[in-house]
Amino acid sequence: MGKSYNIAVMPGDGTGPEVTVEAVKVLKAVADKFDFKVNLTDYDFGGERYKRTGEILPDSGVEAFRQHDAILLGAIGHPDVKPGILEKGILLKARFALDQYINLRPVKLFPGVETPLKDKGPEHIDYVVVRENTGGIYTGTGGISMKGTPHEVAVQSMVYNRFQVERCLRYAFEYARKYGKKSRGKGQENTLGLVGKTNVLTYVFDLWERAFHEIGAADYADIRRDYYHVDATCMWMVKSPEWFDVLVTSNMFGDIITDLGAITQGGMGIAAGGNINPEGVSMFEPIGGSAPKYTGQGVINPLAAICAAGMMLQILGEDDAANTIEQAVMHVTGTKLKSLAAGRMGYTTSQVGDLVADHAVNG
Ligand code: IPM
Ligand code: MN
């Protein structure tokens, strides 16, 4: 018998539980096939529990998460709860408390999936954004003074220290070495592109840029280094996404460009992300929201959640199982689904899960 993994499952709100069921279905199917075990524990943090008990993600919940090998999240966001409360109280709290300092967001167009980018196909859209996930403007100091007066002042600082920048860059270089285009047989060299704004944010991105080249020259001479301003990055993501291999960037810039990336790969029904603490407990999620209006109808697309489970296995070191899930998802998008959109897939949520699980197990 292979390894055994303790997974915390947090289905969350809206359609989160429905897509999580399918991700778990696929997870169990590949676990049997690849001879490892998953022990799943459910946690009901989310809008319903908050409404019932006033509790969002208590410290005891964070402590419970620490006892697991990984966390699989469905979706956060409830129509009766003011925006921000659950996002900050669950998602951001878990990221910060568990020091998940990397947010890994592949931007990959699967076969058969429609992209809004003209004349682009799966051979053009296949890169990964490594987003710093616990620093920058998300945690910088700030405040408001003279509120409500014409002289009101609001400050929210983008703060980075060398330690935060360096550990993120090192993760990105390692990732590029292992999973860059050359390593995947898809390019001449493994490339890491730093996305910044050195022409205006001359303090913060000077730190990023110096660290990038120092670390790169010293320890990652095998990896080609590129630099892009964030605004230009948005342009190239639309015009020439094939240029990109692995990109690394700050928290806020990463947040923004990965929504753009997600839409180029077919939208929120397919985009997955990992909140990663390479030395600790990581959390994996479909990055679309809870889509409350589709709740309970069996029409929502579970592929993003299934891809999140695949990414979880990759980070846990079960690369074969992770690849198998990705191949199965590609088979389903390429040969089965009519569309990724809710209600227009040609299959129910559960049937899509069955199709992926079946192809993952039987080929
Ligand atoms: C994301 C989301 C979160 C973020 C929100 C919900 C706090 O947009 O995961 O990209 O800004 O990081
Ligand atoms: Mn976002």
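The helix-only estimate of mean residue ellipticity at 222 nm for the chain, built from DSSP H runs of length n ≥ 4 each weighted as -39500 (n - 2.57), is -12500 deg cm²/dmol after division by the residue total. Once fully extended, how much extra length lies between Thr41 and Glu123, figured as 0.36 nm per residue of separation less the alpha-carbon to alpha-carbon distance? Additional length available on full extension: 25.7 nm.
The label point for Ala221 and the one for Thr141, both projected 7 Å from the Cα toward the Cβ, are 4.2 nm apart. For the pair Lys338 and Glu166 in one chain, pulling the backbone fully straight at 0.36 nm per residue adds 57.5 nm over the alpha carbon distance. Note on His151 and Lys178: the model spin-label points, each 7 Å out from Cα along the C-beta direction, lie 5.5 nm apart. Residue pairs exceeding 24 angstrom between C-alpha atoms, taken from Lys25/Lys338; Lys3/Lys33; Lys93/Lys181; Lys82/Lys147; Lys186/Lys239: Lys93/Lys181.
The accessible surface of region 1-112, taken with every protein chain in place and a 1.4 Å probe, is 52 percent carbon and sulfur.
I need the peptides 164-171, 282-289, 234-241 ranked by packing, meaning the mean over residues of other C-beta atoms within 10 angstrom, with the highest value on top.
Put in order of decreasing packing, that is 282-289, 164-171, 234-241.
In this rough spin-label picture, where each label sits 7 Å from Cα along the Cβ direction, the Val361-Ser60 distance is 3.7 nm. Between the listed residues Ala341, Val246, Phe36, the Cα displaced farthest toward the positive end of the dipole of the chain, a dipole computed from Cβ unit charges relative to the Cα centre, is found at Ala341. Averaging the Cα positions of each part gives two centres, and for region 51-71 and region 227-292 these lie 26 Å apart.
Beta bridges per DSSP, both residues in region 115-265: antiparallel share near 20 percent.
When peptides 311-321, 109-119 are sorted by average Cβ neighbour count within 10 Å, with the highest value leading, the order is 311-321, 109-119. Tell me which of Pro122, Met283, Gly2 sits at the most positive position along the dipole axis of the chain, charges placed on C-beta atoms (Lys, Arg +1; Asp, Glu -1). Positive-end residue among those listed: Pro122. Averaged over its residues, region 115-265 has an accessible area of 48 Å² per residue, based on protein heavy atoms and a 1.4 Å probe.
Between Lys88 and Glu48, residue separation times 0.36 nm minus the direct Cα-Cα distance comes to 12.8 nm.
The values are calculated or read from the model by the stated rules, or taken from the named source; none is laboratory data. All figures in this text were calculated on a predicted structure; none of them were measured in a lab. Don't worry about glycine lacking a Cβ; one is built from the backbone with ideal geometry, like all the others, and counts go over all protein chains shown. The area values use the complete protein model at the heavy-atom level, side chains included, leaving out ligands, DNA and RNA. Shrake-Rupley method; radii C 1.70, N 1.55, O 1.52, S 1.80 Å.
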